[in-house]
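Values in this text are rule-based calculations from the coordinates and carry no lab data. What you are looking at is a predicted structure, and each value in this text was computed from that prediction instead of being measured. Reconstructed Cβ throughout: ideal geometry from the backbone, glycine too, with neighbour counts over all protein chains shown.
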Amino acid sequence: MSRGRAWWLIGGVAVLAAGCGAPAEERRSAWDVGDGQAPPGSFERVGWSSAEDMHAPRHDHTASVLPSGQVLIAGRYTDDARESAEVYDSATRRWSRTGEMGSARRGHTASVLRSGRVLVAGGHNLREGILASAEEYDSSTGRWSPVGAMASLRAGHTATVLPSGQVLIAGGFGVGGALSRAELYDPVSRTFSLAGRMSRARYGHAAVLLPTGKVLVVGGIGAMGELSSAEEYDPVTRTWSEVDLMARPRVHPTATLLDSGAVLVTGGGDSGAELYAPASRTWKTVGAMAMAREHHSATLLPSGQVLVVGGMGAIASAHAELYEPRSERWVPAGALATARSHHTASLLPSGAVLVAGGHSSSGPLAGSELYGLEPRR
């Protein structure tokens, strides 16, 4: 089956199955792809299925899709026990342990570099507190190696890979509270350098690379509380500039670049969603989600839709939904077997989305689930 056809099935069948209360024309218009005919016999349906448990329960971890298609999970929110990293093989649907990080960490960032190596930076642990250290993972050896430390201790920051291959580290929580300082990681020298200061110190924010090469940073918590502010970083001038305010403050939101070049920001304390237009640097409110969320995930599907999963309202949720950019509306996307927040979601080469770990009312989770096509049995 061709790759394009697999993507169509994941999106198209999801809407047809989930949106049964809407007219047939409306359901098809959200996709309008190909001839609308699925190849016979290959797949039964699209939805959620369980995957093998990880070797350790985790939340506040990171997930990085490697060039091989495997997924590197790093860090865990627990004591400073080992089993700090493991790898998911999407071909076998199995987890395997890999090398231990130099420092236990949670609340860190992980970035896939052009070389295929993974940079992990900052975070915190019980023994050392907030960290300035960073290290790289080499998937060919399964080993970690230390790199130069950041100038600031930080956790709850963001990391964005720039077109140059450098990595922008922004904000976070440090010894004195929210940070405004930003840094750039150079994969060649394996060192950090300063990259100016944001207009507002913040942590618990979101960041996304724009088509212009600039980076948009939104929301979070600052010195005076929750933030509705947003700003852009220009890597050419290494300067920050504020843009229009969002409609409301958002803490632990998601920010997803759509195929149109606009940015979809979701949740962060309510059910609201907003679109950012980089050309005008302004915001537009779009249809609300079915529930309030923070600490959720948002994954862009090749269909152009965005899959939003779990998160917290009053409690952790199992609810999932899809955003359709053309109608600016949401449709249901089924439910997880286990409610969770603080999880990760990774788009696999097969087109499935791997949701791993997180936190439920019972504590950290080792379980993982897949959203995508299920083969006929």
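Observations, loosely collected:
- Number of residues in segment 120-130 that are in a loop (DSSP other than H, G, I, E, B), in contact with a Lys or Arg (Cβ under 8 Å, 6 or more places away or on another chain) and surrounded by fewer than 22 Cβ atoms within 10 Å (Cβ to Cβ) equals 0.
- Condition check for G268: closer than 30 Å to A314 by Cα, within 20 Å of the chain's Cα centre (by Cα) and not in a strand (DSSP E or B): yes
- Test: residue in segment 78-98 that is touching a Gly at 6+ places or on another chain (Cβ under 6 Å), part of a strand (DSSP E or B), crowded, with 18+ Cβ neighbours inside 10 Å and not basic (K, R): no
- Candidates G213, G267, G261: the one that is crowded, with 16+ Cβ neighbours inside 10 Å, in contact with a Pro (Cβ under 7 Å, 6 or more places away or on another chain), at positive phi and not β-branched (V, I, T) is G267.
- Residue satisfying all of: in segment 288-310; closer than 13 Å to P253 by Cβ and under 11 Å from the mean Cα position of the chain (by Cα); surrounded by the most Cβ atoms within 10 Å (Cβ to Cβ) among these: H296
- Filtered residue count, segment 71-104, keeping only those that are among the basic types (K, R) and touching a Lys or Arg at 6+ places or on another chain (Cβ under 9 Å): 1
A quick yes/no check of all residues on (1) among the small types (G, A, S); (2) over 16 Å from V167 (Cβ atoms):
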site	(1), (2)
A201	yes, yes
A207	yes, no
G213	yes, no
G220	yes, yes
M224	no, yes
L227	no, yes
W240	no, yes
D244	no, yes
